[in-house]
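Q: Below: one structure in structure tokens.
The values are calculated or read from the model by the stated rules, or taken from the named source; none is laboratory data. Note that this is a predicted model, so its numbers are computed, not measured. Here the Cβ positions follow ideal geometry from the backbone for every residue, glycine too, while neighbour counts run over all protein chains shown.
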Amino acid sequence: MANEKYGKFGIASNQLEAAIGMFVGGRDRFSVITLAGAADAIFMALVLKAGKVPFVDYARKVQEVHSGVTPSRGKYATHINNALSINALKHMDPEDDDFVELDVEQCAIGAILKAVVNYKELVGHEPDFIKAFLAWTWQNLDGRKIIENYENRSAKLR
């Protein structure tokens, strides 16, 4: 078999689609987190390369509004990945504990949503696999409250 060339956006899209498929299918949440985290790393780089605003910059703005301090992009991206246990599930440094404590369901949702935001920033719309995830969140979480909170926070950032 010969090597073939694959675009980074296509790779990340496949990773995100696989993560969402596993998630809505009730399968391995640990793999969901790592796949969504890997997809998001690519999407974020592509968003920055395109001169657009990545999810982490929105999160930095929220932090600035709440604390008056704007953290660096790199440090805040690491902070978010640590909060979602993305780094803990992908790496094992010599000083790390053999166990990871996390809310696997919430971390999976967060990892997917972070990647979805960057995906949408790149293309401006949601394909069917993202719509399926958003429908899952609406049905299984309090969809109306999420939208209300989103609209309230968005208004504060403007």
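Q: Looking at region 81-121, which of its residues are part of a helix (DSSP H, G or I) and not hydrophobic (A, V, I, L, M, F, W, C)?
A: Applying the first criterion (part of a helix (DSSP H, G or I)) to region 81-121 yields 81-83, 86-90, 104-121.
Listed by number, the residues that qualify are Asn81, Asn82, Asn87, Lys90, Glu105, Gln106, Gly110, Lys114, Asn118, Tyr119, Lys120, Glu121.
Q: So which residues in region 63-83 are surrounded by 13 or more Cβ atoms within 10 Å (Cβ to Cβ) and in contact (Cβ under 8 Å) with a residue 40 or more places away in the chain?
A: Taking region 63-83 and keeping what is surrounded by 13 or more Cβ atoms within 10 Å (Cβ to Cβ), we get 63-64, 70-71, 73, 76-81, 83.
Of everything in region 63-83, just one residue is surrounded by 13 or more Cβ atoms within 10 Å (Cβ to Cβ) and in contact (Cβ under 8 Å) with a residue 40 or more places away in the chain, namely Asn81.
Q: Okay, next question. Please enumerate the residues belonging to region 93-131 that are within 17 Å of Phe55 (Cβ to Cβ), of a type in the set (A, V, I, L, M, F, W, C) and more than 9 Å from the chain's Cα centre (by Cα). Steps first, answer last, please.
A: In the first step, residues of region 93-131 are kept if they are within 17 Å of Phe55 (Cβ to Cβ); the result is 106-126, 130.
Then keep just the ones that are of a type in the set (A, V, I, L, M, F, W, C); that gives 107-109, 111-113, 115-117, 122-123, 130.
The answer is Cys107, Leu122, Val123, Ile130.
Q: Being modelled with pLDDT under 95 and within 21 Å of Ala135 (Cβ to Cβ): is that true of Gly68 here? Can you show your working first?
A: Details: modelled with pLDDT under 95: yes; within 21 Å of Ala135 (Cβ to Cβ): no.
Judged against the criteria, Gly68 is not a match.
Q: Could I ask something else about it? When you scan region 2-9, do you find a residue that is of a type in the set (S, T, N, Q), at pLDDT 95 or above and buried (at least 20 other Cβ atoms within 10 Å of the Cβ), even just one?
A: No.
Q: All but one of (1) of a type outside the set (S, T, N, Q); (2) in contact (Cβ under 8 Å) with a residue 24 or more places away in the chain; (3) part of a helix (DSSP H, G or I); (4) touching a Leu at 6+ places or on another chain (Cβ under 8 Å) hold for Ala18; state the number of the condition that does not hold.
A: The single condition Ala18 does not satisfy is (2).
Q: So is Lys90 in contact with a helix residue (DSSP H, G or I) (Cβ under 7 Å, 6 or more places away or on another chain) and either modelled with pLDDT under 95 or of a type in the set (Asp, Glu) (or both) or not? If you could, list the steps in order and put the result at the bottom.
A: Working: in contact with a helix residue (DSSP H, G or I) (Cβ under 7 Å, 6 or more places away or on another chain): yes; either modelled with pLDDT under 95 or of a type in the set (Asp, Glu) (or both): yes.
It is true that Lys90 is in contact with a helix residue (DSSP H, G or I) (Cβ under 7 Å, 6 or more places away or on another chain) and either modelled with pLDDT under 95 or of a type in the set (Asp, Glu) (or both).
Q: Mind listing whichever residues of region 1-14 are within 16 Å of Lys120 (Cβ to Cβ) and in contact with a Leu (Cβ under 7 Å, 6 or more places away or on another chain)? Spell out the reasoning first.
A: Pass one, region 1-14, residues within 16 Å of Lys120 (Cβ to Cβ): 9, 12-13.
Hit for region 1-14 is Phe9, nothing else.
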